[in-house]
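Here's the structure we're looking at; comments come further down.
The values are calculated or read from the model by the stated rules, or taken from the named source; none is laboratory data. These numbers come from a predicted model, not from an experiment. Remember, those area values only see protein heavy atoms, side chains included, never the ligands or the DNA or RNA. Shrake-Rupley method; radii C 1.70, N 1.55, O 1.52, S 1.80 Å.
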Amino acid sequence: MSALDTDRFVSLLRDELGLDLSAADLDTPFDALAGWDSVLLLRLLGVAEPLTGRRAPMIEVLEANDLRGVHAALSR
């Protein structure tokens, strides 16, 4: 199992999803996040789960209002 710290999470968003984001953008609500859609969430989970070695806690991920919430759910 691998830790998914903030820097690594932001790198995933940039490198795997093609989003030009910084750590400060993690607090932006999804509806205000340029280029965000639910398909990207599925892609993110598909990349993050193998890195963490476990399935994402879907209820927590779906309840998240922003990427910081998704990151917190994936980091538990």
Worksheet item: Taking only the alpha-carbon positions of the chain and ignoring solvent, what does the Debye formula give for the base-10 log of I(q)/I(0) at q = 0.22, 0.24, 0.26 Å⁻¹?
Response: -0.99, -1.22, -1.49
Fill in: Surface accessible to a 1.4 Å probe, per residue, for the residues of the chain, Å²
58
Worksheet item: Short version: ³J(HN,Hα) in whole Hz for each residue of segment 6-11, in order, from phi by Karplus 6.51 cos²θ - 1.76 cosθ + 1.60 (θ = phi - 60°), x for Gly and Pro, what are they?
Response: 4, 4, 5, 4, 5, 4
Worksheet item: Over the chain, what percent of the accessible surface lies on carbon and sulfur atoms, probe 1.4 Å?
Response: 52
